[in-house]
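Below is one structure; the comments refer to it alone.
Only the coordinates and a few stated rules stand behind these numbers; no lab work does. None of these values were measured; they are calculated from a predicted model. Cβ atoms come from the backbone with ideal geometry, glycine included; neighbour counts cover every protein chain shown.
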Amino acid sequence: MKTFHIQKPDKSIVPALQDKIDNLTKPKGSLGRLEELAVQIGTIQQSLSPVLRMPQNIVFAADHGIVKEGVSFSAPEVTAQQIYNFLKGGAGINLFARQHRFILKVVDCGVNADFGQLPGLIDRKIRKSTSNYLHEPAMTREEMERAIEIGAEMVQWAYQEGTNIISFGELGMANTSASSIWMSYFTGIPLKECVGAGSGLDNQGILHKYDVLSRAMSHYSGDHSVEDILRWFGGFEMVAAVGGMLQAAELGMTIIIDGFIMTNCILAASKLYPDVLEYCIFGHQGDEAGHKLVLDALNARPLLHLSLRLGEGTGAICAYPIIESAVRMINEMNSFKEASVTKYF
């Protein structure tokens with residue numbers, strides 16, 4: 001599998017960043033999380049004057065074989081239908097990307113449809129849908145490695161365009177099922193606490209979903225390595241996001257983490273390369289069952305809690321203005337000396 005060279009950012013710059021922030025015209029610590037974000041981004045960029053350039057959100061799309069077992073409220077054809085909606089600019093992620101000036105890319109990693117040469121869609125289809133992991137591994141090792149490479153390729157492209165802050169989204173019916181299984185394996189949290197409504201299951205539907213996923217886990221006969229769990233239960237879009245996150249960290253980019261699915265992708269990425277978490281800002285806590293638990297397992301403090309559960313990267317982009325405010329604070333706010341104001345703390 002592709003290897004990444006992820007280094008923990010040099011923390012020797014932190015005292016200088018903190019000193020600069022403490023000497024801005026405000027009581028010490030009075031801008032709270034904004035001050036913490038400024039220190040984190042300054043440390044990632046190794047700069048006392050960090051900048052945010054060309055934010056991008058990359059949506060990876062693919063279908064899941066397990067959808068045949070009725071674990072999703074949404075019909076299987078919704079993935080392909082939403083692709084057309086994305087490309088017409090009518091989805092939730094489109095409006096937030098426009099509002100906050102994000103470049104939006106949509107990548108087909110394995111949607112169960114023939115799009116041909118569809119303008120605006122990046123074609124990296126591995127195959128039409130993963131296999132049904134109730135009965136067999138979702139993908140081969142070679143397919144998993146290809147998905148990792150696709151994610152890395154998309155981030156390298158963004159980096160070459162000048163992007164230094166990035167988020168990821170997903171599109172694929174039943175991907176909360178794969179996320180729940182990853183979460184249970186990688187945190188040790190019982191599966192029942194990881195399974196939720198997804199796109200809208202009622203209580204009976206959640207119980208059915210839990211039963212199917214529980215049986216799938218009982219049939220697992222792999223070696224329990226991180227890579228094997230990724231390929232056995234994952235989606236092509238999720239594994240691509242893992243590759244994208246790892247590539248972004250290698251390139252020293254700031255990563256904004258979206259909802260339940262992307263949180264489980266960064267969880268998986270951190271099991272391969274723990275230092276990837278140094279580059280992450282967690283955008284929000286959603287209402288999908290298990291999201292708070294997995295955030296807690298990562299010791300993550302999300303910026304927002306707006307009861308979102310759409311995915312696509314929407315929560316990450318909604319959090320971006322707060323991140324931008326932190327960078328503006330450290331760059332644009334006067335120091336006591338510049339403003340000729342006596343320190344008042």
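Here are some notes:
- Residue order for Tyr159, Tyr220, Tyr344, fewest other beta carbons within 10 angstrom first, comes to Tyr344, Tyr220, Tyr159.
- Efficiency of FRET from Cβ geometry, Asn331 and Leu207, R₀ 51 Å, rounded to 0.05: 0.50
- Rounded to whole Hz, the Karplus (6.51, -1.76, 1.60) HN-Hα couplings of segment 83-88, x for glycine and proline: 4, 4, 5, 4, 6, 8
- Whole-angstrom gap from segment 282-345 to segment 168-182, using each part's C-alpha centre: 24 Å
- Label-to-label distance for Asp114 and Ser214 is 4.2 nm, based on points extended 7 Å past Cα in the beta-carbon direction.
- Computed from backbone phi with θ = phi - 60° and the Karplus coefficients 6.51, -1.76 and 1.60, the 3J(HN,Hα) list for segment 69-79 is 8, x, 8, 10, 5, 7, 6, x, 6, 5, 4 Hz; x is used for glycine and proline.
- Among the listed pairs Lys105/Lys192; Lys68/Lys271; Lys26/Lys337; Lys105/Lys125; Lys8/Lys292, those beyond 24 Å (Cα-Cα): Lys105/Lys192; Lys68/Lys271; Lys8/Lys292
- Three-way shape call for segment 219-345 based on the alpha-carbon gyration tensor, with the a/c threshold at 1.5: prolate
- Student exercise, segment 62-203 dipole from Lys, Arg, Asp, Glu Cβ charges, in Debye to nearest 20: 340 debye
- Backbone N under 12 Å from the Lys192 label point (7 Å along Cα→Cβ), restricted to segment 39-78: none
- Nearest-0.05 FRET efficiency for Asp19 and Trp157, computed from C-beta distance (R0 35 Å): 0.40
- Neighbourhood charge, 14 Å Cβ-Cβ cut-off, centred on Asp228 and excluding it, Lys, Arg +1 and Asp, Glu -1: -3
- Under-5 Å amide H pairs with Gly313, H placed in peptide plane, nonlocal only: Glu170, Gly259
- Model label sites at Lys11 and Lys88, defined 7 Å from Cα along the beta-carbon direction, differ in position by 5.1 nm.
- Note on Phe73 and Val341: the model spin-label points, each 7 Å out from Cα along the C-beta direction, lie 4.8 nm apart.
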